[in-house]
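Derivation of every value follows stated rules applied to the coordinates shown; laboratory data play no part. What you are looking at is a predicted structure, and each value in this text was computed from that prediction instead of being measured. Backbone-built Cβ (ideal geometry, glycine too); neighbour counts: all protein chains shown.
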Amino acid sequence: MIIDSHNHPNYLGYSTEKILADMAENNIDRTWLLTLETPEHEYSPAYHRITRGNKDGPIPFASCLESFKQAPDKFVLAYAPDPRHPHAIDKLEAAIELYNVRVCGEIMLRMMYDNWDAIALFQVCGKRGLPVIVEVNYGAGSDGRFPNRPGYWYGGGIDAFERAIAQCADTSFLGHGPGFWSHISKDEGYKSSDYPRGEVLPGGKVVEMMRQYPNLYCDLSAYSGLNALKRDVGFTKEFLLEFQDRILYGRDQYDNHLQQFLNSLELPSDVLNKIYSGNSLKLVP
Ligand SMILES: [Zn+2]
């Protein structure tokens with residue numbers, strides 16, 4: 001069984017119908033449908049071309065709900081309201097009760113992830129059994145090319161994310177995005193690139209955090225995940241074996257590159273099964 005634990009509807013030209021056809025083609029049994037309710041002044045204008053957003057953001061909850069209703073056995077419904085909105089917790093709790101929302105994601109916001117209002121929302125997620133998916137991004141890539149102007153950063157760096165994880169021991173977090181995956185290696189590549197290359201140096205923050213916080217999980221989706229895994233295949237196999245109980249397959253796009261890569265590693269089949277679906281089912285039974 002394969003679960004795509006990170007994807008979006010009405011994204012990159014994928015309607016519900018197209019998503020279902022793509023899932024069938026890639027042997028994917030279920031997909032988590034995540035919102036992206038980032039305020040307009042916090043995201044790159046490029047999102048206007050790849051989503052069908054509305055006032056609630058590039059991928060509003062209404063979009064996920066519409067797709068979910070068309071094939072409830074194929075999708076898991078997610079919703080991440082902006083915690084800075086004073087009604088955020090009420091909106092999330094209402095969505096859990098009315099629509100069976102199971103996941104809080106994707107959080108992609110230009111704030112420190114240990115913002116007090118974010119911590120309050122994350123703690124509610126812990127109580128209600130919802131894992132939280134966050135994008136960490138330093139804005140070091142192409143959007144960060146303007147001198148003296150920060151790029152599209154999200155989360156305030158790995159340290160702010162760590163402080164949130166430490167303050168919400170009962171909440172499961174999934175780390176995602178360039179600002180998370182760059183820290184697989186103890187180097188400073190994260191400062192200048194979204195996708196740093198080269199051999200993985202031991203002692204990376206992601207490895208340290210995975211050892212320290214049992215409530216931290218890894219979301220392999222997007223090019224940031226695949227790039228990190230491809231840097232140093234010897235290291236990658238050890239990493240996937242050590243943390244086999246807290247790593248989830250996901251795409252955040254519609255292609256099959258990650259499956260091809262994972263299948264090429266010759267991992268024990270029980271480990272591969274955990275990554276493809278077991279760990280996802282543990283978080284959302
Ligand atoms: Zn995403």
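Here E238 meets each of (1) closer than 20 Å to E135 by Cα; (2) surrounded by fewer than 16 Cβ atoms within 10 Å (Cβ to Cβ); (3) among the acidic types (D, E) with one exception, condition (1). Among the residues of the range 113-141, those that are assigned to a loop (DSSP other than H, G, I, E, B) and surrounded by fewer than 24 Cβ atoms within 10 Å (Cβ to Cβ) comprise D114, N115, G129, G139, A140, G141. Taking every residue in the range 92-107 that is touching a residue at least 12 places away in the same chain (Cβ under 8 Å) and pairing it with any residue that is in a helix (DSSP H, G or I) and within 16 Å of the ligand (Cβ to nearest atom), at least 6 positions away or on another chain, the pairs with Cβ-Cβ distances below 9 Å are A95/F61; Y99/F61; V101/F61; V101/C64. With respect to L220, is the statement that it is out of contact with any Gly (no Cβ under 9 Å at 6 or more places or on another chain) and either crowded, with 21+ Cβ neighbours inside 10 Å or in contact (Cβ under 8 Å) with a residue 24 or more places away in the chain (or both) true? Considered against the rule, which asks whether it is out of contact with any Gly (no Cβ under 9 Å at 6 or more places or on another chain) and either crowded, with 21+ Cβ neighbours inside 10 Å or in contact (Cβ under 8 Å) with a residue 24 or more places away in the chain (or both), L220 comes out as no. Restricting Y154, Y99 to residues that are surrounded by fewer than 18 Cβ atoms within 10 Å (Cβ to Cβ) and not hydrophobic (A, V, I, L, M, F, W, C) narrows the list to Y99.
Taking the criterion of being in contact with a Lys or Arg (Cβ under 6 Å, 6 or more places away or on another chain) and within 15 Å of D252 (Cβ to Cβ), the residues of the range 1-58 that qualify are I3, D4, N7, N10. Looking at the range 13-112, the helices (runs of 4 or more DSSP H) lying wholly inside it that each contain 1 or more residues that are among the polar types (S, T, N, Q), more than 16 Å from the ligand (Cβ to nearest atom) and out of contact with any strand residue (DSSP E or B) (no Cβ under 7 Å at 6 or more places or on another chain) sit at 16-25, 61-70.
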